[in-house]
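Worksheet: the structure to be examined is printed underneath.
The values are calculated or read from the model by the stated rules, or taken from the named source; none is laboratory data. Note that this is a predicted model, so its numbers are computed, not measured. Cβ: placed from backbone, ideal geometry, glycine included. Neighbour counts: every protein chain shown.
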Amino acid sequence: MSNSLGMLILRLPGLLLAISVHEYAHARMAYRLGDDTAALSGRMTLEPWAHFDIVGALMLLLVGFGWARPVPVSPFRLENPRKDMAKIAFAGPLANLITAFVLEVASIMLFTFYRFSGGWVYVPMVLQMAARINAGLAIFNLIPVPPLDGSRILEQYIPYRYQHVWDEVQRYGFIILIALLMLGVVSRIMGPFVTGFMSFAQRVGLRLSLLFRRL
């Protein structure tokens with residue numbers, strides 16, 4: 001029990017960072033494209049509690065994928081709502097993938113060049129956990145099922161003549177998502193992508209470590 005609690009505590013910084021980066025990226029991209037709704041709502045911030053959703057946070061903490069409180073966006077304030085909404089949607093997962101990559105490389109570099117002692121021995125582990133949580137949040141949100149970000153990206157490519165069909169899918173999107181979660185489909189989809197991305201980041205980190213050791 002104590003080990004499980006300790007692991008949850010070590011995962012907490014990664015959770016807070018992941019939701020903050022994700023939602024801030026949405027808000028920043030919306031602001032850049034002309035919609036300041038999120039900024040006026042106090043959501044264009046890296047403060048995690050501004051984006052906190054208790055159920056989504058617990059999912060992310062316990063099983064590696066989840067969600068935060070959605071950033072408000074007004075499509076009517078965007079120059080090209082269909083295309084711009086896809087850009088806003090993609091900004092969140094992209095920010096998480098960049099964060100995951102940087103954290104994973106940093107953890108390997110630190111582990112290679114420093115010998116931590118005392119409570120500091122957990123630093124590389126916290127960074128690696130944070131990297132995996134960020135990667136998990138990104139890949140989960142790229143699944144093209146409403147209300148996830150991937151559905152907004154997919155919507156851009158749906159012909160207008162099939163928009164009514166997509167509208168029906170959106171109505172039942174959350175139910176579909178829950179069913180996919182319960183059936184384990186989401187885990188099977190995410191697993192190879194998260195593992196592949198983290199393996200790539202690890203290889204880069206190892207090569208950079210070898211490069212710097214030769215200098």
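Which residue pairs have Cβ atoms under 7 Å apart, sit 6 or more places apart or on different chains, and have a first residue in segment 187-199 that is within 21 Å of residue 107 (Cα to Cα) and a second that is assigned to a helix (DSSP H, G or I) and of a type in the set (Val, Ile, Thr)?
Going by the 7 Å Cβ cut-off, the qualifying pairs are 193/139; 194/139.
Got at least one residue in segment 136-145 being loosely packed, with under 14 Cβ neighbours inside 10 Å, at pLDDT below 95 and either among the hydroxyl-bearing types (Ser, Thr, Tyr) or assigned to a helix (DSSP H, G or I) (or both)?
Within segment 136-145 (the criterion being loosely packed, with under 14 Cβ neighbours inside 10 Å, at pLDDT below 95 and either among the hydroxyl-bearing types (Ser, Thr, Tyr) or assigned to a helix (DSSP H, G or I) (or both)), the answer is no, since none of the residues qualifies.
Restricting to segment 24-43, give me the number of residues that are modelled with pLDDT under 95 and in contact with a His (Cβ under 9 Å, 6 or more places away or on another chain).
Adding up the residues that qualify gives 2.
Can you pull out the residues in segment 29-75 that are surrounded by fewer than 20 Cβ atoms within 10 Å (Cβ to Cβ), under 14 Å from the mean Cα position of the chain (by Cα) and aromatic (Phe, Trp, Tyr)?
Result: 52, single match.
Which condition number in (1) part of a helix (DSSP H, G or I); (2) at pLDDT 90 or above; (3) under 30 Å from residue 10 (Cα atoms) is the one that residue 151 fails?
(3)
Please go through (1) crowded, with 18+ Cβ neighbours inside 10 Å; (2) modelled with pLDDT under 95 for residue 197 and return the number of the only condition it doesn't satisfy.
(2)
Which members of segment 1-28 meet the condition of being among the polar types (S, T, N, Q) and surrounded by 20 or more Cβ atoms within 10 Å (Cβ to Cβ)?
Across segment 1-28, the qualifying residue is only 20.
Taking the condition assigned to a helix (DSSP H, G or I), more than 23 Å from residue 105 (Cα to Cα) and touching a helix residue (DSSP H, G or I) at 6+ places or on another chain (Cβ under 9 Å), does residue 180 pass?
Taking the combined requirement at face value, the residue satisfies it.
If only one of 103, 94 is farther than 14 Å from residue 23 by Cβ, at pLDDT 95 or above and within 15 Å of the chain's Cα centre (by Cα), which one is it?
Unique residue meeting the criteria: 103.
So, of the residues in segment 171-194 that are within 21 Å of the chain's Cα centre (by Cα) and of a type outside the set (A, V, I, L, M, F, W, C), which turns out to be surrounded by the most Cβ atoms within 10 Å (Cβ to Cβ)?
Per the stated criteria, the residue is 173.
In segment 91-128, how many are over 19 Å from residue 46 (Cβ atoms), surrounded by 15 or more Cβ atoms within 10 Å (Cβ to Cβ) and of a type outside the set (D, E, K, R)?
11
Filter segment 21-35 down to the residues that are within 12 Å of residue 93 (Cβ to Cβ) and charged (D, E, K, R) and list them by number.
23
Could you pull out every one of the helices (runs of 4 or more DSSP H) wholly within segment 1-101 that has 2 or more residues that are closer than 21 Å to residue 154 by Cα?
Qualifying helices (runs of 4 or more DSSP H): 2-32.
If you check every pair at least six apart or on different chains, which have Cβ atoms under 7 Å apart with a residue in segment 157-171 that is closer than 18 Å to residue 143 by Cα first and a residue that is of a type in the set (Asp, Glu) and surrounded by 10 or more Cβ atoms within 10 Å (Cβ to Cβ) second?
Listed by first residue and then by second, the contacts come to 166/155.
Has segment 113-124 got any residue that is modelled with pLDDT of 90 or more, touching a Ser or Thr at 6+ places or on another chain (Cβ under 6 Å) and either over 15 Å from residue 98 (Cα atoms) or not in a helix (DSSP H, G or I) (or both)?
The answer is no, given that none of the residues of segment 113-124 is modelled with pLDDT of 90 or more, touching a Ser or Thr at 6+ places or on another chain (Cβ under 6 Å) and either over 15 Å from residue 98 (Cα atoms) or not in a helix (DSSP H, G or I) (or both).
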